[in-house]
Structure formats: C-alpha cells, structure tokens
Amino acid sequence: MDGNGRWAESKGKHRVFGHKHGVKSLRRAISFASEKQIQALTIYAFSSENWKRPEKEVTMLMELFFTVLGSEVKKLHKHNIKLKIIGEVSGFSERIQKKIAQAEKLTENNSGLALNVAANYGGRWDITQAAKQLAGLVQKGELTLDEITEDRLSSAINLDQLPAVDLMIRTGGDHRISNFLLWQLAYAELYFSDILWPDFNAQAFQDALDVFSGKERRFGQTSEQVALG
Ligand code: IPE
Ligand code: MG
C-alpha cells in the first residue's frame, strides 16, 4: 500500500493526512476482496524497516493502527472476515499487543476472507524465525537434518495454512518487493500500479485481477504441459 505520503504532499498536506486516507482505501479494498470472494488478502501495513521513519510519523502510525484495530474489528467480524496479524508482534506496545490478541480471538472462527495484516513484518524476518523454529527442534532432538525440507520450512513460515500467493499488487509506482512475503511470492504474479494507495479503488483492483486472469501460469513447466493439465 505505497504512496500515502506522496498523495498528501501533492495536496499540500502533511503525510499523516495521506495515512488517514490510506485507511479509507484499505476499507474499500477489503470490501472488494470480500465481495469477490477472494480467499485471502494480505496487506503490508508496517515493515520492519518503517521504524526508521521520523519518530512523529511512527508514533502517529501506531496510534492509527491501534484506533483502526479497535474501530474496525466488529465490522470485520460481522462480515465473517478472519483477521490475523503477521510479524514481530512483540515489537509493539503492550496495549497494541492486547488489541491484536482480542481482534484475532474474536474473528478466529470466521470462514470468509482471510485478512492478514503484515505489521512489523519483513520477509527476511519471516524466513529467519522459521529457521530458528526448526533449529530449535533439531536442538531438542525432535528433528533430523534430513527432515529439513522445503515443505518443512514452509510450514514454519507465515501463511502456510493458506493457498500459495497468486498475485502481489504494489501501488505507488515503485517496482520492488521491499522485503514483503519473500518466500511466499516465489510463484506469484507481480503487478505494479502507478496509482498512489489512497486513490486505489475497486476499479483499480479489478484491473489488477483482469491482468492476472490473462496470465498463463506455468510453475516451471512448458506451455504445452500446462495445456495438457
Ligand atoms: C505507505 O505509504 C504506508 C506505510 C508505509 C505505512 P508511504 O508512507 O510509504 O508513502 P510514500 O511512499 O512516502 O508516498
Ligand atoms: Mg513509500
């Protein structure tokens, strides 16, 4: 969800204004995904690197995160959406951690859209924490080296319970992954849009899906093999 700051600055406003409008845009995207019966939507709200931003902006983003978690979770629940926060949650204040736990608990049995919010998240962190989990098992003698396979590592990485990521959308004009779901994006289609996040609407989301639908996904095979199924 990139481009909040530039969107605000282009209107002569403070970056905070952009983040607030970014939340509106996010609400719209969640409704769209839910209505289209998309199985899972993972949004990058705050990266491990975003702490390096000016203190005032970080504080404001945390406040916004806290407020939005509180104000939106009932609505999410009403729409049968299952919320999960992925990332190093221990890096947040106690008060935010509590809110996160409550929000996840309330929605844990919902069967609609799986909404994952990546917060204090980094793809490298995710792979590292998974490696650590397996190393722990080896240390305890519960896992042998030969049992460390791609599947076994996958199972320790976030979102393992969900189908593989099909499509990654980045707004704001940059063509980068910026430490998002590094492991999970191995075979995802990458879609980059110049639209700044607060302007990303249902039509823009649909455009991305249309481009995705037109792609042939070969997963390493040839076109001919794919055609034969
Ligand atoms: C993305 O918008 C939102 C967050 C990282 C929280 P930016 O804040 O990165 O906006 P630009 O890239 O400066 O326009
Ligand atoms: Mg940015």
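Quick notes
- Cα-only Debye scattering, the stretch 168-212: base-10 log of I(q)/I(0) at q = 0.29 Å⁻¹: -1.12
- Once both labels are positioned 7 Å from their Cα atoms along Cα-to-Cβ, the gap between A101 and K36 label points is 3.6 nm.
- For the stretch 133-201 and the stretch 204-221, distance of Cα centres in Å: 18
- When shorter helices are ignored and each DSSP H run of at least 4 residues is given -39500 (n - 2.57), the per-residue value for the chain at 222 nm works out to -14500 deg cm²/dmol.
Bear in mind that the values in this text are calculations on the coordinates, not laboratory data. If you're wondering where the values come from, they're calculated on a predicted model, not measured in any experiment. FYI the Cβ positions are ideal-geometry reconstructions off the backbone, even for glycines, and counts take in every protein chain you see.
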